[in-house]
Each structure stands twice: as C-alpha cells, then as structure tokens.
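The values are calculated or read from the model by the stated rules, or taken from the named source; none is laboratory data. In this text the structure is predicted, and so the values were computed from the model without any measurement. Because the Cβ atoms are built from the backbone with ideal geometry, glycine has one as well, and the counts that use them run over all protein chains shown.
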Ligand code: HEC
Ligand code: HEC
C-alpha cells in the first residue's frame, strides 16, 4: 500500500512539474523564437501538457496495477514457498488412523474366550511338532516382538529355513499372510508350519489324533466348539486363529498421538511421520496396519503384493535380495507381500531373508529401491543429465534426496509404532537374557 500511494503522488508530481516546464518553455523560449501568437502558445502548451498528462496517467496506472494488485496476483505470480508449513499431514486425516482394538473375526466364527484359551494352549504346546521339541512360540516369541530374532527360522532337527520369522502380533489384520502372501487367512496359514518339514515337521492328522487321545484336550475342544467338537486340523486351525486375533497392539505412541496426546511423539518422530508420507512409504505401507496387504488398507488388502526390489541397485547383490523371488514366477525381481510395520523395531533382522540387521539400513534400502530416492549424508545429490535418444532431449534433473538425518527421523517414527506393552515385555526379556549370560556357567563356578 505504501508503495502504491507513494507512486501515485510521484505520478501527480511529475505531471505538475512537467506541465509547469511546458508552460515556461512555450512562453519564454519557443513562443518568442517561433513568433507564436497567444492562442498558438496555449494550443502548444495544451498539446505538450496532454502528452505529459498521458505519461503521468500511464505511470500511475502501471504502478498502481503492479503494486496494488500484487496482493491479489501473488498466488499466481510466486510459486508456493516450499518451506511454508504445507498441510503435510493433519491428525485426523484419513491416512493416519489408529489400530482398532479388536481384530475382525470371520463370519459365523466369533472369537470366544474358550476358543482363545484353546488356541493359546495349542500355540505354546510342543505336541504340535513331530518330536515334541517345538511350539509355535519357539519361533514366535510373544515376549520378543512375536518373532525369533534370527535372520531365518530354525526348525525341527536344527533345520535352517530360508525365510525370516515374521511377527504374529497384529497378523490378524493381514489379508495376505507369509512373506509371499500365499495364505489368505490365519486359518489357512495355521496348518502350514505344523506340516512344514523344516518347521514343525509333523503330520497334521497325527497331531489331531495325539490330542484326541488326551482327555484334557478333549475338554478344551468341547468348551470351544461344543459337545460335538471334532479334534481335527480344521478346529486346530480355528482355535489357533482365534488366539492370534487377540494378539493386537493398539497401544503404540503413534495411536496415542492420534488420540490427541500430542506429547506421545517426539519432534523427530513427527518429522519422520511427515517424511513417511512425502517420500511415498505410505503408498505401500498404508492404513492403520501400515501394509497394503492389510484388511484395514484401501481395497481391503487386495493390492498387497509388490515387486521388490523394484529398482536395480547394488543392494540387490549385497543382501542377496533376489536369491528368493517370493511369489514371482521367474524374472529378475521378486513379488512380495507388503509387510506391516507395526512393532517393526522389535522384529529384526529384517526383510524376507533376514539379511539386514540395522533398521536404518532397511529404511535406506526402501527409500532407494522402493521409493526411488537417493540418500546422501547431507541430503544433496549431484544434478544428473539424462539424454533420451527417442525424444532427442537433454534433461537436467536434481532429484530430491534424503539425508542421513531424514533416515534417522523415519527410523524414529517406525519406533513409535511399537506397542507400549510389547516394548516393556521385550525390554524385560532382554534384561533377563543379559543377566543370565553374565552369570558364570555352573561348571566354572566350582573350582
Ligand atoms: C521353526 C519356526 C516356526 C515355527 C515353529 C512356527 N512358525 Fe510361524 N512362521 C515362521 C516363518 C519362517 C514364517 C514365514 C514363512 C514364509 O513366509 O514363507 C512364519 C509365518 C507365520 C505367520 C504369518 C505372519 C505374517 O505376517 O505373514 C503366522 C500367522 C504364523 N507363522 C503362525 C504360526 C503358528 C500358529 C505356528 C504354530 C502352529 C507357527 N507359526 C510355528 C516360523 C515358524
Ligand atoms: C513400492 C512399495 C513399497 C514402498 C514405496 C516402500 N516399501 Fe517397505 N516394503 C515393501 C515390501 C514389498 C517389503 C517386503 C520386502 C521383502 O519381502 O523382503 C517391504 C519391507 C519393509 C520393511 C521391512 C519389514 C520387515 O519386517 O522386515 C521396512 C522397515 C519398510 N519396508 C519400511 C519402508 C519405508 C520406511 C519406506 C519409505 C522410505 C518403504 N518401506 C517404502 C514395499 C514398499
């Protein structure tokens, strides 16, 4: 406003000065030299004055428009300030949703306390393995994030598998189970490990017969499925699934944050949350379960399989990412289920083959091969020049890179997805192990 009035008066001033100068010139210099009569002098002054007036008007109009109109034109003229707090995320926007407290049960098969109790007993019982050495909990240690902390699972007779043990916590929300998404429900999944020769190595029918011979199991099956209950693979699977539906962790700092406890996340975690969206992690790790393969995700989990690694990088060889192609039939990259990131900080080592034992390295890999970003120490990367023979065009690109600080922010955010209860249990379990291992073995105590 200040500039526009200043310029308006400058315009008027210029006009007055210009007109005065014209009168002086015409009357004192031009008039006498050209011997003009008074009317002629007036006409000349008017002509010159008109010019000066027009100039002054133009000046005023131009300046008024450019300055006074700036406020209104600003949104069109100036590009949006990138540093402005754009609505990167708002709590309550549909993309940020808390985990439901109860997992959905299949139609006609409600999760009852009796089924859950039976499922819990089955989950912890080594009778489900061929030689009675392993239970589900041997690999899915509920006190250690629901996994085993190993790169890949170790089954019966010490057989080493080729895949990492995923957590059973919140598995009830997954529409696709296993790393390659080959099972469509917990019921379908449950019998897999019992029969798998390198997991529990048993014959599921044998297991059912063994349980049926024990009256205490019979009582539990009757309580769960009624007097006519059959002890068979299907009921074993349904009970295990019912128990697994109670393994949910809706008590993460992230959920408390969404519920309005703004102090639940640190500034670093909030930055990580924003990056998680802007970098595009959310494209695949979507919804309250942070997995497109979740029942809670858009499309109900049907779009849950993705190519991984989707870009070729040195990571492929370093971590042997394509030795196993998952659900892909041939080709150069695997197809894998998008895993949930709930409690992911507790379930390392990570990825289908458990090849990475540092969560920040997993985030670096994801950012690079899945989200197509570059990562550099300071977040800056060289401008790349690309030549396309097809379009005969040279393009200069300065891709937005992530800095190591950004990676640390994302890791901090992932840590906010750990349930409070599970974090405490894992901490207690770790302390117990540490105490146990610092105690000298019995043999060395006696002299
Ligand atoms: C020897 C270790 C081991 C044992 C014992 C074991 N599992 Fe697993 N479990 C695994 C591994 C490894 C996978 C992943 C396999 C794959 O993706 O191909 C898995 C996958 C799962 C999943 C899928 C999780 C997800 O997000 O996809 C569930 C659920 C599960 N197991 C439940 C059970 C139950 C129930 C039992 C007992 C009947 C059991 N497991 C016994 C190692 C084990
Ligand atoms: C294009 C889809 C896609 C995008 C984008 C994506 N991911 Fe993933 N993510 C996957 C798939 C698929 C896997 C499973 C990889 C495997 O099977 O080894 C995975 C695995 C992970 C894991 C390991 C989980 C575990 O239990 O081992 C983490 C952590 C992870 N992603 C975080 C991220 C982060 C952070 C971003 C953003 C920087 C991101 N992802 C972007 C698809 C994606």
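The table that follows gives values for the structure above.
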read-out: Some residue of the stretch 288-306 being outside any strand (DSSP E or B), without any contact (Cβ under 8 Å) to a residue 24 or more places away in the chain and within 14 Å of ligand 1 (Cβ to nearest atom); value: no
read-out: Identity of the residue in the stretch 366-389, surrounded by 15 or more Cβ atoms within 10 Å (Cβ to Cβ) and modelled with pLDDT under 85, that ends up farthest from ligand 1 (Cβ to nearest atom); value: 381
read-out: Helices (runs of 4 or more DSSP H) completely within the stretch 109-195 that count 3 or more residues being more than 11 Å from ligand 1 (Cβ to nearest atom); value: 113-124
read-out: Residue match in the stretch 145-152 (condition: in contact (Cβ under 8 Å) with a residue 40 or more places away in the chain, away from ligand 2 (no atom under 14 Å from the Cβ) and within 36 Å of the chain's Cα centre (by Cα)); value: no
read-out: Output for the stretch 319-345, where each listed residue is over 18 Å from residue 173 (Cα atoms), modelled with pLDDT of 95 or more and touching a helix residue (DSSP H, G or I) at 6+ places or on another chain (Cβ under 9 Å); value: 319, 321, 322, 345
read-out: Single condition residue 204 does not satisfy, out of (1) over 31 Å from the mean Cα position of the chain (by Cα); (2) within 12 Å of ligand 2 (Cβ to nearest atom); value: (2)
read-out: Residue in the stretch 209-228 that is without any contact (Cβ under 8 Å) to a residue 40 or more places away in the chain, closer than 26 Å to residue 348 by Cβ and in a helix (DSSP H, G or I) present; value: no
read-out: Only one of 221, 178 that is in contact with a strand residue (DSSP E or B) (Cβ under 8 Å, 6 or more places away or on another chain) and buried (at least 17 other Cβ atoms within 10 Å of the Cβ); value: 178
read-out: Given (1) more than 14 Å from ligand 2 (Cβ to nearest atom); (2) at positive phi; (3) in contact with a helix residue (DSSP H, G or I) (Cβ under 8 Å, 6 or more places away or on another chain), index of the condition residue 300 fails; value: (3)
read-out: The stretch 350-365, residues that are farther than 15 Å from residue 314 by Cβ and more than 16 Å from ligand 1 (Cβ to nearest atom); value: 357, 358, 359, 360, 362, 363
read-out: Failed item in (1) free of Cβ contacts under 8 Å to residues at least 60 places away in the same chain; (2) under 19 Å from residue 179 (Cα atoms); (3) over 9 Å from the mean Cα position of the chain (by Cα), with residue 314 passing the rest; value: (2)
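Table: residues versus (1) out of contact with any helix residue (DSSP H, G or I) (no Cβ under 7 Å at 6 or more places or on another chain); (2) at pLDDT below 95.
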| residue | (1), (2) |
| --- | --- |
| 391 | yes, yes |
| 398 | yes, yes |
| 409 | no, no |
| 420 | yes, no |
| 424 | yes, no |
